[in-house]
Amino acid sequence: MGSRQKAEGNLLRSAFCLLFFGWRTVTAKLRLAGHLKDLASGRDEVEVEAGRSVRDVLTELGIPVEVAALVVVNEEQQTKDYILKDGDQVRVLAVIGGG
């Protein structure tokens, strides 16, 4: 997806949020565990705009999607394609490897 398409998608998402939620910012909290927080510049908690997929947020944070093994939203397992809603509490756990 090109930068113009991303910008248009962000604009549409913002318009949707404005239309349905008013001027209030619609956010979700994403908590990163393990070495995911290292990939996100040391942040273990990030507040993100609702209306986006977990996959999109991880990509924007510079976290390779395949490194995220488990997504838990409001204590229920979800896929990386889950669309974040206002007030969601999200935990993302990393793949653990060893030998």
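The values are calculated or read from the model by the stated rules, or taken from the named source; none is laboratory data. Just so you know, these numbers come straight off a predicted model, no measurement behind them. Cβ: placed from backbone, ideal geometry, glycine included. Neighbour counts: every protein chain shown.
Odds and ends about this structure:
- Restricting segment 84-99 to residues that are farther than 12 Å from LYS29 by Cα and exposed (fewer than 15 other Cβ atoms within 10 Å of the Cβ), the residue that is modelled with the lowest pLDDT: GLY99
- Pairing each residue of segment 37-63 that is under 17 Å from ALA94 (Cα atoms) with any residue that is among the polar types (S, T, N, Q), provided the two are 6+ apart or on different chains, yields C-beta distances under 9 Å for VAL54/GLN78; VAL54/THR79; ARG55/THR79; LEU61/SER41; GLY62/SER41.
- Residues considered: VAL57, VAL73. Of these, the only one that is within 9 Å of the chain's Cα centre (by Cα), crowded, with 18+ Cβ neighbours inside 10 Å and not polar (S, T, N, Q) is VAL57.
- Matching strands (runs of 3 or more DSSP E) fully within segment 1-80 where at least 2 residues are in contact with a helix residue (DSSP H, G or I) (Cβ under 9 Å, 6 or more places away or on another chain) and modelled with pLDDT of 90 or more: 27-32, 45-49, 68-73
- Contacts under 8 angstrom Cβ, first residue in segment 64-79 being among the polar types (S, T, N, Q), partner in a strand (DSSP E or B) and exposed (fewer than 14 other Cβ atoms within 10 Å of the Cβ), 6 or more apart: ASN74/GLN89; GLN77/LEU70
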